[in-house]
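Quick notes on the structure that follows.
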Amino acid sequence: MRCGAMSAIGRGAVVLAALSGAATVSRGDERVVMSLPRFTPEPIHRITAVDQGRGEARVERQADAPGFLGVTEGPALLFVGGEGGTGLDRAVRVEVAEVLEGGAARITFPRAAAESIKQGPVLLGRPFAGDASEGFTSLVPTKVIRSLPDVVTRAPGGRDGVRGDAANRARAAAQGRRSSNNLKQIGLAFHNYADTYRSFPPAAVIGPDGRPWHSWRVLLLPFLEETKLYEQYDFSEPWDSPKNAAVAAKIVDVYRDPARPGDEPVTGYAAIVGKEALFTPESVRMQAKDDFPACLTRGNRPFFPHVTDGTSMTMAFATVPAERKIPWTKPDDLVVDGDCPGIGKPAGIGTIDAGTGAGPVALTLFTDGAVHVLAAATDPDLLRKLITRAGGEVVDFDAINAKRGAIKNPSGPPLVKIVADDDGSYRLEVE
């Protein structure tokens, strides 16, 4: 295999300010005119009162909404849902007439949009010009908002208002972002475990019979707000005992790859295990059935000082091939000793479709907590350098990062977009 590697690094804090130089983004026969991030799965505002006669409504921010998403007086878009649900399927052109205390606002709306304005969840805001997934630029000009129809609806057919291949790309890109966020949560739990035990979690705890009994995924449960599930697991029995099988049947969302179909309780992520890797085989062994958690304080316990290549240069976890279907409690990971099968191979690092047209890519979590995206054709020698914890190799990350873009803004939020077609019509797209 010969090719470069691709990396995607999450952007920093979002600054909601108007900057100059924004441009509408063109994609074939369509143009992304404006877009607004969705920072939570559900709409962050709610219409609490409507006066249809006066064409006015009161909009309040949900209690758990991000505090910086305030509104300002002037033209804005109100994204609303259909009957019986919170899904967004229309964008209504409104005016924020008055900003009230507590993040609330009084808005006015055109008569033609009256049937769309009802009490319930909504998203209110002044969108960014163009496609905000390419980076937050300037807020859309006033005249552009006022040039829109009173109501812009989602396109018929296609999931989330996007048609054909574009729907598949948008769905895959959203799944890639969620998968990346899962890895980030795993990385945070990994670091919290290390702070608590002053060592990395073992990839597997070896039982007194010499077989792998417990997985790192179970050990991280208390650091993933899954303490109750952790307490149901019996460490005096192997992972596949009848009692622990009941725990294995329960789904832990952070261990499931959203890019994989189905609802089986299998994991999409594995540790990189090898003699020269961050996780070494048989690092922790139980002496008896009742030797847990005492066993965690003995044996070969790798920690940050052992990662002499640098935590930002050492891969810790990666996506697994979909066909492996590893139960999330099973101590089964990606073994890289000897000839590493590479990326996209049945016994190697798994790949997903990131929805960018760049082909399959692997999501990898490094020891410093950063998620990087590697192309399926990543050079095997480069991959080996990234896996070793103390190999002393020099890795040209500038060359890797020059290929970035396989997943646009993997840690960033999905968007709602207003798209213009060549025939002059507009439509709403929802990620």
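The set of residues from segment 375-423 being closer than 29 Å to Val144 by Cα, modelled with pLDDT of 80 or more and within 21 Å of the chain's Cα centre (by Cα) comprises Leu415, Val416, Lys417.
This table checks each residue for (1) outside the structural domain of Gly207 (by TED's automatic domain parsing); (2) within 25 Å of Ser179 (Cβ to Cβ); (3) free of Cβ contacts under 8 Å to residues at least 24 places away in the same chain; (4) in contact with a Leu (Cβ under 6 Å, 6 or more places away or on another chain).
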| position | (1), (2), (3), (4) |
| --- | --- |
| Glu225 | no, yes, yes, no |
| Ser236 | no, no, no, no |
| Asp240 | no, no, no, no |
| Ala246 | no, no, yes, no |
| Ala249 | no, yes, yes, no |
| Val252 | no, yes, no, no |
| Asp257 | no, yes, no, no |
| Glu264 | no, yes, no, no |
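Each row is one residue, and each column tells you yes or no for (1) within 14 Å of Asp333 (Cβ to Cβ); (2) touching a Gly at 6+ places or on another chain (Cβ under 7 Å).
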residue	(1), (2)
Ala194	no, no
Arg198	no, no
Pro201	yes, no
Ala204	yes, no
Gly207	no, no
Trp216	yes, no
Leu229	no, no
Phe235	no, no
Pro238	no, yes
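Scan Gly342, Gly359, Gly348 and give me the residue that is at pLDDT below 85, in contact with a strand residue (DSSP E or B) (Cβ under 9 Å, 6 or more places away or on another chain), buried (at least 16 other Cβ atoms within 10 Å of the Cβ) and among the small types (Gly, Ala, Ser). Walk me through how you get there before you give the answer.
On the way: Gly359 fails: buried (at least 16 other Cβ atoms within 10 Å of the Cβ); Gly348 fails: at pLDDT below 85.
Checking each option against the conditions leaves just Gly342.
Given the criteria part of a loop (DSSP other than H, G, I, E, B) and at pLDDT below 90, does Pro238 qualify? So Pro238 fails the test.
Inside segment 290-311, can you point out the residues that are assigned to a helix (DSSP H, G or I) and either touching a residue at least 60 places away in the same chain (Cβ under 8 Å) or of a type in the set (Lys, Arg) (or both)? Even if it seems obvious, please write down each step before you answer.
Step one: filter segment 290-311 for residues assigned to a helix (DSSP H, G or I), giving 294-297, 304-306, 311.
Cys295, Leu296, Thr297, Phe304, His306, listed by residue number.
Among the residues of segment 183-200, the ones that are of a type outside the set (A, V, I, L, M), out of contact with any Lys or Arg (no Cβ under 7 Å at 6 or more places or on another chain), in contact (Cβ under 8 Å) with a residue 40 or more places away in the chain and farther than 17 Å from Arg256 by Cβ come to 5 in all.
Across segment 205-221, what is the number of residues that are part of a loop (DSSP other than H, G, I, E, B), under 24 Å from the mean Cα position of the chain (by Cα) and not hydrophobic (A, V, I, L, M, F, W, C)?
Within segment 205-221, the first condition is being part of a loop (DSSP other than H, G, I, E, B), and the residues that meet it are 207-211, 220.
Now restrict to residues that are under 24 Å from the mean Cα position of the chain (by Cα): 220.
So of that shortlist, the ones also not hydrophobic (A, V, I, L, M, F, W, C) come out as none.
So the answer is 0.
Contact map, segment 337-348: residues that are more than 15 Å from Thr319 (Cβ to Cβ) paired with residues that are at pLDDT 70 or above and among the basic types (Lys, Arg), Cβ distance under 6 Å, separation 6+ or inter-chain. Pairs shown: Asp337/Lys275.
Gln287 meets the conditions (1) of a type outside the set (D, E, K, R); (2) within 30 Å of Gly391 (Cβ to Cβ); (3) in a loop (DSSP other than H, G, I, E, B) in every case but one. The failed one is (2).
Looking only at residues in segment 174-204 that are part of a helix (DSSP H, G or I) and of a type in the set (A, V, I, L, M, F, W, C), the one that is nearest to Leu363 (Cα to Cα) is Leu183.
The values are calculated or read from the model by the stated rules, or taken from the named source; none is laboratory data. Bear in mind the structure is a predicted one, so any value in this text is a computation, not a measurement. Note that we place each Cβ from the backbone using ideal geometry, even for glycine, and neighbour counts take in every protein chain shown.
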